[in-house]
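In what follows, a structure is listed as structure tokens, so that the remarks can point back to it.
The values are calculated or read from the model by the stated rules, or taken from the named source; none is laboratory data. Every value quoted in this text rests on a predicted model; they were computed, and no experiment measured them. Every residue, glycine as well, gets a Cβ built from its backbone with ideal geometry; the counts of neighbours run over all protein chains shown. Areas reflect the complete protein model, heavy atoms only, side chains present, ligands, DNA and RNA absent. Shrake-Rupley method; radii C 1.70, N 1.55, O 1.52, S 1.80 Å.
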Amino acid sequence: MTKKPIEVAEFQFLKEPALKEVLPAYDNNLVDDKLEYIIGEGETAVTYTIYPAKRAGKPVAIAFETSAKSYGGELKTMIGFDIEKKRLTGVGVTSCSDTPGLGLKVKEPAFRAQFKDIPLDVTVKLKSEGGGIDAITGASISSRAVATAVNTGLDLLRKKGDDIFAKIQK
């Protein structure tokens with residue numbers, strides 16, 4: 001397969017369903033409006049694909065993918081963020097190779113619902129670490145990986161959010 005068909009399939013089957021879960025209603029084409037946001041330079045550079053959700057041309061929310069190390073390897077999450085309210089709109093899991101029946105429960109709506117409406121200034125932690133997120137029994141590593149990925153996204157928004165929001169306005 002060539003690179004383009006792989007990207008299209010990855011978007012259609014992994015990212016698009018997560019985007020629909022974490023973003024409020026929008027009337028724009030997310031792929032056409034996406035922004036490649038690069039932090040750093042050279043080999044240490046990290047690129048985030050930012051998907052702005054717009055209504056009548058005005059950005060109302062964004063979504064982007066973050067990752068963290070988990071039990072079975074890299075876990076990827078799609079994070080939705082309301083620009084005006086400065087709160088998470090939701091979290092979707094786009095890739096997880098953890099144990100079926102345990103770690104993969106991080107994909108379930110009941111677990112992911114705990115991340116909705118979290119404000120930008122909060123550091124997400126499991127209850128066992130003094131936070132507000134209930135870990136999945138038998139899958140604390142996977143649960144912590146989701147929290148870590150969410151914190152990576154929140155940290156990006158705290159540091160670079162104003163710049164990202166200015167760029168998607170254009």
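Remarks
- Residues (outside any strand (DSSP E or B) and touching a Ser or Thr at 6+ places or on another chain (Cβ under 6 Å)) located in the range 59-83: Tyr71, Gly72
- Some residue of the range 37-47 being of a type in the set (D, E, K, R) and in contact with a helix residue (DSSP H, G or I) (Cβ under 9 Å, 6 or more places away or on another chain): no
- Residue list for the range 22-47, restricted to those being assigned to a strand (DSSP E or B) and out of contact with any Asp or Glu (no Cβ under 7 Å at 6 or more places or on another chain): Leu35, Glu36, Tyr37, Ile38, Ile39, Val46
- Hey, Thr89 open to solvent by 10 Å² or more (accessible area, probe 1.4 Å), among the polar types (S, T, N, Q), touching a residue at least 24 places away in the same chain (Cβ under 8 Å) and out of contact with any Phe, Trp or Tyr (no Cβ under 7 Å at 6 or more places or on another chain) or not: no
- Positions within the range 5-36 being open to solvent by 50 Å² or more (accessible area, probe 1.4 Å) and either closer than 21 Å to Lys58 by Cβ or among the aliphatic types (A, V, I, L, M) (or both), in sequence order: Ile6, Val8, Leu14, Lys20, Ala25, Tyr26, Asp27, Asn29, Val31, Asp32, Asp33, Lys34
- Qualifying position, being within 13 Å of the chain's Cα centre (by Cα), over 15 Å from Ala18 (Cα atoms), modelled with pLDDT of 95 or more and among the hydrophobic types (A, V, I, L, M, F, W, C), among Ala63, Ala135, Ala145: Ala145
- Within the range 37-74, the residues that satisfy the criterion of being loosely packed, with under 15 Cβ neighbours inside 10 Å and in contact with a strand residue (DSSP E or B) (Cβ under 8 Å, 6 or more places away or on another chain) are Ile38, Ile39, Gly40, Ala45, Val46, Thr47, Lys69, Glu74.
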